[in-house]
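Scroll down for the structure; my scribbles are underneath it.
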Amino acid sequence: MEIFVPKTETEKQKAVAGEIRERFRRENRRPLVFARTYGCQQNEHDTEKMLGLALMCGYEKTGDPANADLIIVNTCAIREHAEKRTFSCTGAYKKLKEQNRELIILFCGCMAQETGIAEKIKRSYPYIDAVVGTDSNHRLPEIIQNVMQTRKRAYLVNSLPHSDFGVIAEDIPALRESEYKAWVSVMYGCNNYCTYCIVPYVRGRERSRRYEDVVAEVKQLVENGYKDITLLGQNVNSYSGGVSFARLLEKCASFGGEYRLRFMTSHPKDASNELMDVMAANPNICKHFHLPVQSGSDKVLEAMNRRYTRNTYLEKVAYLREKIPDVTLTSDIICGFPGETEEDFEQTLSLISQVRFDMLYTFIYSPRPGTSAAARGDQIPYEEKLRRFEKLSALQLGITLERNGRHTGKVLRVLSEGKKTARSEGGTLVATDTDIPAGTFADAYITAAHPANLEAKIIRP
Ligand code: SAH
Ligand code: SF4
Ligand code: F3S
């Protein structure tokens with residue numbers, strides 16, 4: 001089945017955008033669009049593309065939902081907490097709709113594609129005009145036009161099995177949030193089916209953009225002065241657009257001048273030596289590896305369907321540190337996966353003490369509907385999950401402080417984010433003594449280390 005949206009389709013959307021813009025011009029309106037994004041970088045970038053399409057339709061961006069004519073809510077389904085928050089925030093838009101009948105509210109992203117959510121919105125959220133599944137973002141102009149002309153509610157949710165749906169729409173202009181930091185998607189979807197995770201169900205099959213398209217986009221960004229570019233995918237190592245991910249990364253790092261190239265996320269089962277070698281050899285690739293381990297227990301790793309063991313994970317870390325001794329290593333951990341015993345949890349604690357990650361993103365296991373782990377009978381009570389979460393966070397706090405401390409008295413190259421803050425190559429926040437323009441590099445002498453950031457004197461702007 002074809003994964004690329006045909007050019008005729010994207011052209012059609014652009015033509016519809018032109019019609020909408022013309023209508024606004026005739027009516028002498030200057031409409032505004034507001035977007036609210038939940039979830040990961042993929043979602044942030046999808047929002048940038050939807051905003052790009054909204055701009056083509058004649059909207060201008062606003063930071064205030066109260067005076068918007070179009071509200072885009074881009075949702076995340078990864079944990080139950082994310083869902084609850086979304087619905088409670090969306091409730092606030094109900095009032096706005098009562099004040100302005102012309103307001104269009106779109107519910108997009110991963111929750112939109114989740115089983116049962118479209119029905120729930122149909123039933124209980126009458127002020128939402130359209131539910132837009134992850135496959136239909138590129139149809140934004142058509143969706144807006146339909147609502148304007150008919151005021152009928154629309155539900156564009158893909159009903160194919162998750163292993164079959166998923167498209168790629170090229171040539172969608174992104175309205176990027178930043179002038180020096182950019183996301184570039186290289187692949188979409190996921191076929192890994194970790195047993196706790198909803199992503200394969202809501203994002204569909206794994207699919208890759210063409211090598212030439214990714215390279216052209218990165219080259220253009222570098223030429224336009226972007227300094228921090230992140231290649232995105234749920235599992236970048238599965239990239240299959242013509243070359244291996246390592247070779248794609250290498251090519252993307254080869255354009256002239258100083259800039260930073262990053263990637264997210266790398267699955268330990270396929271994080272290759274080739275990728276680590278490419279990272280070691282290229283000055284433009286940040287020496288930062290995010291390698292989510294999830295658990296330190298082989299039993300739990302197997303039950304999660306992660307397809308690596310504690311040992312193979314440790315071997316990868318050893319290879320990485322041999323090649324790049326000063327690498328920044330970060331990871332994700334889930335506490336309280338069904339059936340996780342005290343002993344399994346101890347294994348996770350021991351792995352953390354052994355590896356000494358620079359930073360950890362720790363999550364309390366959240367059962368997601370439709371995933372196999374959610375159906376297990378051996379769920380851990382919330383209080384126990386929370387206890388493990390807190391124990392783990394306390395252990396990591398000390399390690400992060402120690403890891404950050406290794407920079408004290410050294411000079412790090414930082415990229416300014418403005419307002420006396422900057423970021424190191426490893427992604428750590430650095431509070432600087434002088435203000436340098438956002439998007440410029442500087443050498444910073446690190447004077448102090450805290451768990452959440454470093455302090456520095458700028459020695460060479
Ligand atoms: N594709 C990425 C992860 C995407 S989700 C990867 O494989 O690394 C980001 C993180 O959320 C995961 O690494 C995991 O630690 C966490 N996560 C995913 N599903 C979860 C769930 N049901 N409960 C708690 N945390 C979860
Ligand atoms: Fe989810 Fe696993 Fe895919 Fe990551 S690799 S998105 S955790 S199923
Ligand atoms: Fe959330 Fe979807 Fe990303 S579920 S974490 S927004 S892929």
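Kindly indicate whether E383 is in a helix (DSSP H, G or I), among the acidic types (D, E) and either open to solvent by less than 20 Å² (accessible area, probe 1.4 Å) or at pLDDT 95 or above (or both). It is true that E383 is in a helix (DSSP H, G or I), among the acidic types (D, E) and either open to solvent by less than 20 Å² (accessible area, probe 1.4 Å) or at pLDDT 95 or above (or both).
Table: residues versus (1) within 16 Å of ligand 3 (Cβ to nearest atom); (2) closer than 19 Å to Q234 by Cβ.
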{"position": "T90", "(1), (2)": "yes, no"}
{"position": "L103", "(1), (2)": "no, no"}
{"position": "A130", "(1), (2)": "no, no"}
{"position": "T134", "(1), (2)": "yes, yes"}
{"position": "Q149", "(1), (2)": "no, no"}
{"position": "A154", "(1), (2)": "no, no"}
{"position": "S159", "(1), (2)": "no, no"}
{"position": "H162", "(1), (2)": "yes, yes"}
{"position": "I168", "(1), (2)": "yes, yes"}
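Counting only residues that are open to solvent by less than 10 Å² (accessible area, probe 1.4 Å) and either within 16 Å of ligand 1 (Cβ to nearest atom) or outside the structural domain of A54 (by TED's automatic domain parsing) (or both), the range 93-116 holds 2 of them.
Checked against the criterion of being crowded, with 18+ Cβ neighbours inside 10 Å, within 16 Å of ligand 2 (Cβ to nearest atom) and not aliphatic (A, V, I, L, M), the candidates T371, T400 yield just one match: T371. Against the numbered list (1) open to solvent by less than 10 Å² (accessible area, probe 1.4 Å); (2) within 20 Å of H45 (Cα to Cα); (3) out of contact with any Gly (no Cβ under 8 Å at 6 or more places or on another chain); (4) of a type in the set (S, T, N, Q), T90 comes up short only at (2).
Note on the range 73-87: among residues that are open to solvent by 30 Å² or more (accessible area, probe 1.4 Å) and away from ligand 2 (no atom under 16 Å from the Cβ), the one that is farthest from I128 (Cα to Cα) is H81. Considering only the range 44-61, I want to know if a residue exists there that is in contact (Cβ under 8 Å) with a residue 12 or more places away in the chain, among the hydroxyl-bearing types (S, T, Y), assigned to a loop (DSSP other than H, G, I, E, B) and closer than 18 Å to A92 by Cα. No, that holds for no residue. Only residues that are within 16 Å of ligand 3 (Cβ to nearest atom) and either under 30 Å from A375 (Cα atoms) or part of a loop (DSSP other than H, G, I, E, B) (or both) were counted across the range 263-315, and they come to 7. A280 meets each of the listed conditions (1) hydrophobic (A, V, I, L, M, F, W, C); (2) open to solvent by less than 10 Å² (accessible area, probe 1.4 Å); (3) within 30 Å of W183 (Cβ to Cβ) apart from (2).
Of the residues L51, L70, only one is more than 14 Å from ligand 3 (Cβ to nearest atom), more than 19 Å from N100 (Cα to Cα) and open to solvent by less than 20 Å² (accessible area, probe 1.4 Å); which? It is L51. Within the range 224-262, the residues that satisfy the criterion of being open to solvent by less than 20 Å² (accessible area, probe 1.4 Å), part of a loop (DSSP other than H, G, I, E, B) and either in the same structural domain as G39 (by TED's automatic domain parsing) or closer than 24 Å to A422 by Cα (or both) are A253, Y259.
Checking the stated criteria, D344 turns out not to satisfy the condition of being surrounded by fewer than 15 Cβ atoms within 10 Å (Cβ to Cβ) and more than 16 Å from ligand 3 (Cβ to nearest atom).
The values are calculated or read from the model by the stated rules, or taken from the named source; none is laboratory data. Everything numeric here is computed off the predicted structure, so don't read it as measured data. Cβ sites come from the backbone with ideal geometry, for glycine too, and all protein chains shown count toward neighbours. Calculation scope for accessible area: heavy atoms of the full protein, side chains included, ligands and nucleic acids excluded. Shrake-Rupley method; radii C 1.70, N 1.55, O 1.52, S 1.80 Å.
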